[in-house]
Amino acid sequence: MDRQKTPKELGFHFPAEFAPHTATWLSWPHKEESWPGKIERIFPVYAQFVKFVAEGEHVNINVANEEMKQKATAYLEQANADLKNIYFHMHPTNDAWCRDHGPAFLINPKEKKKMVVKWNYNAWGGKYPPYDLDNEIPVSIAKATNLPIAKPGIVMEGGSVEFNGKGTLLTTTSCLLNPNRNPHLNRQQIEKYLIDYYGVENILWLGDGIVGDDTDGHIDDLTRFVDEQTVVTVVESDKADRNYQALKENLAALEKMKLENGKPLRIVALPMPAAVIYEGQRLPASYANFYISNKYVIVPTFRDLQNDDKAMSTLQQCFPTRKVIGLDSTDIIWGLGSFHCLSQQEPQII
C-alpha cells in the first residue's frame, strides 16, 4: 500500500453495519471492576448474544489464554451456541469493549480489498487505566487476518461514529470535541481525519449523550442508521427526566440535517426505557445500543415491558429481512454499555 495516500484516496470506506458481515469480533469480558459484584451474572446473556450472532456469521473472540478460552467455551456450550462458527484468538485485553478498542475494517469493493484502521484508544479520555493491551488489539487482528493497517495517530472510538455506508457519518460534539480525546485538534481537523480514514464525505454532528454514559456521549446510545436514508433515534417522553432536553435537541438537529445526496433523513423515534438505577447510579440504558448481525438485530431490553415491546416492534418494522431479538441487558448495562459496545463487525466484500 502507498503509505502516502489515505484510505479514502485508495478507494476504501467503512460500510454500514447493516451491510453483510464476514464476522463479528468480540473481547471476552473478564475485568471485574467493569461489573463490580456482577460479572458472573453477565456471562449467560453474553453467551446468548454470541449464539445468535454465530447463527449467521463467524464470531472471533479475543481471549487472554487457554483458561479464559475454556471458561468461554463452557458458557457457550450451555447456551447451545454453534462452536463450529466461533473462533478464539490469543489476544489479551484490558476490558471487553471491542466496539471501541477493536479495529475499523474498511473495504474497497472495486479492488475486492479490505484493510484495518488502527485508531488510538485511551479508555474514553483516560478514565480507566490501564488500556495498553486494548490499544494494541487492532494490530493483533490485522496480523491475524493478514490485512494492511493504517494508523492515523489520533484517538477515536467505534461507538462514537455511525455510518450509512454511502458517505454520511453521524457523531457527537460532546465526545469527539472533548479535550480528553484530541485536545490539539479542532472540529475541522477532526472532520478531515474522519473523511480520510473512514472514507466518508458528509459529517453530521449531534450534541450531548445520555445520562450515565461514561464515554462522553457516544452516538450508539442515541441515533443509528437502519438503512441508507433512515435513522432511529431515542426520545424521552417524560419532561421531568434528565434525558428529555438533550434528546429533544438531538431530534430537532436531525430534522434539519441532509444526507450526502442532499436528501433529508428519514427519522424513526425509539422510546427510552424507564430509568435503570443500580447502587444509586443512573445507568446508560438505551434501546439504540442494538447490534445488527447478518441474521438478527439483537436489542438490549431492561425489564420495562411496555417500552421493551415498543422498541422491539419499532425496530422490527425497520428491519423486515431480519428477526429482532431482545436480550435482557439489565446486568450487562452495569458495565455502562451493551451489545453494540461489546461488538465490532468485519464487513464482507461483495
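Summing Lys and Arg as +1 and Asp and Glu as -1 over all other residues whose Cβ lies under 10 Å from the Cβ of Ile39 gives a net charge of -1. Specify the inter-centroid distance of the stretch 288-350 and the stretch 190-216, based on alpha-carbon positions, in whole Å. Result: 21 Å between the Cα centres.
Magnitude of the charge dipole for the chain, about its Cα centre and with charges confined to Cβ atoms of Lys, Arg (+1) and Asp, Glu (-1), is about 940 debye.
Residue order for Ser343, Ser286, Ser174, Ser140, fewest other beta carbons within 10 angstrom first, comes to Ser140, Ser174, Ser343, Ser286. Between the beta carbons of Gln70 and Glu40, assuming R0 = 22 Å, the FRET efficiency works out to 0.90 to the nearest 0.05. Averaging the sequence gap over all C-alpha pairs within less than 8 Å and six or more residues apart, then dividing by the number of residues, gives the stretch 233-350 a relative contact order of 22 percent.
Note on the chain: helix-only mean residue ellipticity at 222 nm, from DSSP H runs of 4+ residues weighted -39500 (n - 2.57) and normalised by residue number, equals -8000 deg cm²/dmol. Note on Ala144 and Thr173: the model spin-label points, each 7 Å out from Cα along the C-beta direction, lie 3.9 nm apart.
Remark: relative contact order (the chain) = 22 percent; criterion is Cα-Cα distance under 8 angstrom and separation of 6 or more residues. A simple charge model with +1 on the Cβ of Lys and Arg, -1 on the Cβ of Asp and Glu and nothing else charged puts the dipole of the stretch 124-212 at about 120 debye relative to its Cα centre.
Fewest-first ordering of Tyr244, Tyr46 by other beta carbons within 10 Å of each residue's beta carbon gives Tyr244, Tyr46.
Checking the Cα-Cα distances for Lys110/Lys151; Lys38/Lys248; Lys71/Lys151; Lys31/Lys310 against a 30 Å cut-off, the pairs over it are Lys38/Lys248; Lys71/Lys151; Lys31/Lys310. Counting only DSSP beta bridges with both residues in the chain, the antiparallel share comes to about 40 percent.
Each other residue within a Cβ distance under 9 Å of Ala246 adds +1 if Lys or Arg and -1 if Asp or Glu, for a net charge of -1.
In this structure, the amide hydrogen of Gly326, modeled 1.01 Å from its nitrogen in the peptide plane, lies closer than 5 angstrom to those of Val299, counting only residues at least 5 positions away or on a different chain.
Please arrange Arg322, Arg99 by counting, for each residue, the other beta carbons lying within 10 Å of its beta carbon, fewest first.
Working: Arg322 18, Arg99 26.
Starting with the residue having the fewest Cβ neighbours, the order is Arg322, Arg99.
No value in this document is a laboratory result; all are computed from the given coordinates. On a predicted model such as this, the values are computed, not experimentally measured, just so you know. A quick note on method: Cβ atoms are made from the backbone with ideal geometry, for glycine too, and the neighbour counts reach across all protein chains shown.
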